[in-house]
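Every number in this text was worked out from the coordinates using simple rules, so none of it is lab data. For clarity, every value in this text was computed on a predicted model and none was experimentally measured. Virtual Cβ from ideal backbone geometry, glycine too; neighbours counted across all protein chains shown.
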């Protein structure tokens with residue numbers, strides 16, 4: 001299902017160059033969010049105290065909010081924060097799950113969606129059904 005959602009997000013960028021930039025941005029955002037989520041999860045395992053978890057999430061939220069609203073790459077950080085919250089929430093609400101596995105699985109499915117969209121754009125461009133945009 002995740003693959004279909006990301007294909008739906010990427011397809012409206014019907015220019016090959018814009019589509020490739022979107023794919024790279026999505027992969028970077030999920031990589032950043034996943035790495036931060038793994039670090040937070042490992043810290044939660046080391047110190048299993050709810051007040052530590054709340055303080056840690058508060059500080060991470062403040063840092064990510066500053067990056068979202070004060071840097072030109074705000075959309076990248078917003079997507080990374082969304083990935084972080086999704087992974088952390090999923091792992092803290094279920095038992096016996098492995099955050100590393102969930103992150104790698106998510107990243108693989110997003111990579112497959114990116115490969116599918118880029119390959120489709122390349123085939124449609126080669127057939128002449130999709131015009132190459134001169135503007136970025």
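What the table below lists for this structure:
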| quantity | calculated |
| --- | --- |
| Point-to-point label distance, residue 89-residue 21, nm (Cα→Cβ direction, 7 Å offset) | 3.0 |
| Convex hull projection area averaged over all views, segment 19-127, Cα basis, nm² | 7.5 |
